[in-house]
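Below is one structure, written out as structure tokens; comments come after it.
The values are calculated or read from the model by the stated rules, or taken from the named source; none is laboratory data. None of these values were measured; they are calculated from a predicted model. So basically every Cβ, Gly included, is an ideal-geometry build from the backbone, and we count neighbours across all protein chains shown. The protein model used for the area step is the full one, side chains on, heavy atoms only, and it has no ligands, DNA or RNA in it. Shrake-Rupley method; radii C 1.70, N 1.55, O 1.52, S 1.80 Å.
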Amino acid sequence: MATVALSTKAVGSIIKLKVNGTLRNFIVVQHGKPSDIYDESCNGTWIFMKDVYENRQWNNSKVNDYANSTIHAYLNSAFLDLIEDRIQSQIKQVKIPYRPGDGTGNTINSGVNGLSCKIFLLSVRELGKSDSNIPNDGARLGYFATNPSLMGYLNGKEASWWLRSPSLGQFGCTWNIGTSPATCYYGYSNATLGIRPAFVLPSSLLVADDGTLITNTAPTTPGTINVPESIQGGSTIEISWTASTDAENNLEGYIVERSTNGGSSWSQVYQGSALKTTNTVAAGTQTVMYRVKAYDSDGLASGYRTSSQITVINNTAPTAPASITVPNTVYGGQSIVVTWGAATDPDGDAMTYALERQVDGGDWAQIYTGSNLSFTDPITRGWTSVAYRVKAIDSRSASGPYATSPTRTVNNNLAPTVVCSQTSGTDLGLKNTGFSVDYSVTDPDGDEVTVTEAINGATQRTFTATPGQTYTFMVTGETFMKVLNGDHVLTITASDGKVDTVHKLLFQKEITTAMITLVDAVPADARIAVCVLSVNGSLPADAVL
């Protein structure tokens, strides 16, 4: 059955649709807005019931206020519900010119201020009539420009029918079309006359040969389908396509099919509303191609959009890297070294590695590609967690599975600082007498700092430091004496309870002669000729006492 757009039907053509289950004839009376006094919502195809549908009161009292009339309320509720559902949903909500209120005034609300409705009565002006008692509530419709008969029929007999225009010459009166000769009259609005409803439809609707409205059309074919140019056998690929359109806005989804024999047969791999899907191409597949079509809620489908045929590369992907190692402790503002074990490639292809990082549980981002088995990554202060994964990629672009690290919590605490005129690692050189080192400590976070002074790992003292205050590490007196000859390490360790900062200084001690002097004189009865001293302790084997 051939169909044409409603917009191509000539004014005066008959359109058929069901009202209360019975097929009724409607006349095409106008295409587009009749004039600029109509709102843009009126831009469509106007149709008007060919015969009188039934008799109704315009209003239930002698009041000619159309917006608040009985007939306006009836047309947009009970009568609207009588129209078949598929047409109801297509009828446009329009704003028509009208005279607001009751009486004989000629103030007209038009354009965006018009009366909002779906079903309405025609006005006298829309019939092409003018008179001093006729308000300016419309413009002549195309159908009435050729002066067709205004005669209305109800059950095969002539019948008068209502218009929406109030009379400007008589209170409570409204214009209508009488019987032979069919012309405009006005009478009290509480009289009972026929109704010939009108409404506006989208001009894009289709009309069958017999005048029946067809409210559903197939969606358009998707404009493109996108398939990777290179496909590895055994890999999962993404297929995407551009959206279709549907004149009735009832597009429901898409069906994607695959062929592995050049299009001789197809199998469905996806159905749904998304604009992309994934599909696994089995290892050993020689060629593959895809096609997609759109379908609507009434079951109509578009044509297919088909991809080119792709030759599948049947290369075996590498294994996952043997391991991935991330330091247990990760500090914000510092760098860490991520290492991983080598992968193997069953085909013997050369491999590179792709390292990805995940911050705070977000998306994975690639941070390194290359042949190395390690990467130094700077950690941004403020991150709360970080994780890594790495995969191998062979020379034919086949990717192996990931090796994924545990998620590490990022410690954003800033380490205390030891401020000393000798930088950490400085060699203070040879010492043969006691010495001291001045320093101070600070903490960027304002944490309490505990300082430990040690020689060769042996704690000399521990205390809570005041930020910025100068302290002296004393290596003198007995402390110095107890240090053996040789190489030694002084450490000043500042700890905020979360992280330690160690300031290290080196020195060498070399003393070959020692002389002991008594602090206090030993009392004696006479001049001492011989003195015997006993030394308690351990002396080096090569020392001479």
Of the candidates 107, 72, 52, the farthest towards the positive dipole end of region 39-147 (Lys/Arg Cβ +1, Asp/Glu Cβ -1, centred on the Cα centre) is 107
Region 267-362: Cα Rg divided by the 2.2 N^0.38 Å rule of thumb:
1.74
Once Rh is set to the Kirkwood radius over Cα pairs, what Stokes-Einstein translational diffusion coefficient, in µm²/s, holds for region 103-168 at a temperature of 37 °C and a viscosity of 0.692 mPa s?
245 µm²/s
Sorted by average packing, counted as other Cβ atoms within 10 angstrom per residue and highest first, what order do 33-46, 71-84 take?
33-46, 71-84
Using modelled amide H (1.01 Å from N, peptide plane; none on Pro or chain starts), what sits under 5 Å from the amide H of residue 165, excluding residues fewer than 5 places away?
124, 175
Which percent of the accessible area of region 400-485 is formed by carbon and sulfur heavy atoms (probe 1.4 angstrom)?
49 percent
Please compute the volume of the convex hull spanned by the alpha-carbon atoms of region 402-545 and report it per residue in Å³.
206 Å³
³J(HN,Hα) across region 496-510 via Karplus (A = 6.51, B = -1.76, C = 1.60, θ = phi - 60°), whole Hz, x for Gly/Pro?
9, x, 10, 8, 9, 10, 10, 9, 10, 10, 10, 7, 10, 10, 8
In sequence order, what are the phi-derived ³J(HN,Hα) couplings for region 135-148 according to the Karplus relation 6.51 cos²θ - 1.76 cosθ + 1.60 with θ = phi - 60°, rounded to whole Hz, with x for glycine and proline?
x, 7, 9, x, 9, 4, 7, x, 4, 8, 5, 9, 6, x
What whole number of Å gives the distance from the Cα centroid of region 207-255 to the Cα centroid of region 151-186?
51 Å
Summed side-chain charge close to residue 443 - residues other than residue 443 whose Cβ falls under 11 Å, Lys, Arg +1, Asp, Glu -1:
-3
Please turn the phi angles of region 302-315 into ³J(HN,Hα) values with the Karplus equation 6.51 cos²θ - 1.76 cosθ + 1.60 (θ = phi - 60°), one per residue in order, whole Hz, x for glycine and proline.
7, x, 8, 10, 10, 7, 6, 7, 10, 7, 7, 8, 9, 10
With charges only on Cβ, +1 for K and R and -1 for D and E, what is the dipole size of region 96-240 about its Cα centre, in debye, rounded to 20?
620 debye
Environment charge of residue 307, counting only residues whose C-beta is closer than 11 Å and scoring Lys/Arg +1, Asp/Glu -1:
+1
What percent does the relative contact order of region 27-168 come to when contacts are Cα pairs within less than 8 Å and at least six residues apart?
27 percent
Using a 1.4 angstrom probe on heavy atoms only, work out the carbon and sulfur share of the accessible area of region 296-383 in %.
46 percent
Counting only residues 5 or more apart in sequence or on a different chain, those whose built amide H sits under 5 Å from that of residue 336 are 377, 379
Among the aspartates and glutamates, which have Cα under 14 Å from the Cα of residue 391 when same-chain residues fewer than 8 positions away are ignored?
345, 356
Counting only DSSP beta bridges with both partners in region 330-416, the antiparallel fraction in percent, to the nearest 5, comes to 90 percent
Per-residue ellipticity at 222 nm for the chain, helices alone: DSSP H runs ≥ 4 residues times -39500 (n - 2.57), over residue total, nearest 500 deg cm²/dmol?
-500 deg cm²/dmol
Selection from 446, 367, 400 lying farthest towards where the dipole of region 318-456 points positive, charges on Cβ
400
Considering the dipole of the chain built from charges on the beta carbon (Lys and Arg +1, Asp and Glu -1) around the Cα centre, which of 121, 535, 226 is farthest to its positive end?
121
Under a 5 Å amide H to amide H cut-off, with H placed in plane at 1.01 Å, what residues pair with residue 83 once short-range neighbours are removed?
20
D for the chain, whole µm²/s, Stokes-Einstein with Kirkwood Rh over alpha-carbon pairs at 37 °C and 0.692 mPa s: what number?
96 µm²/s
Given contacts defined as C-alpha pairs under 8 Å and at least six residues apart, what's the relative contact order of region 100-163, whole-number percent?
26 percent
Hey, can you rank 370-377, 249-256 by average C-beta count inside 10 Å, highest first?
249-256, 370-377
Burial order of peptide ranges 92-100, 266-274, 219-227 (average beta-carbon count within 10 Å, highest first)
92-100, 219-227, 266-274
Write down the accessible area per residue of region 419-536 in Å², having rolled a 1.4 Å probe over the full set of protein chains.
67 Å²
Mean separation of Cα contacts under 8 Å, 6 or more apart, over the residue count of the chain: relative contact order %
9 percent
What percent antiparallel are the DSSP beta bridges of the chain, to the nearest 5?
90 percent
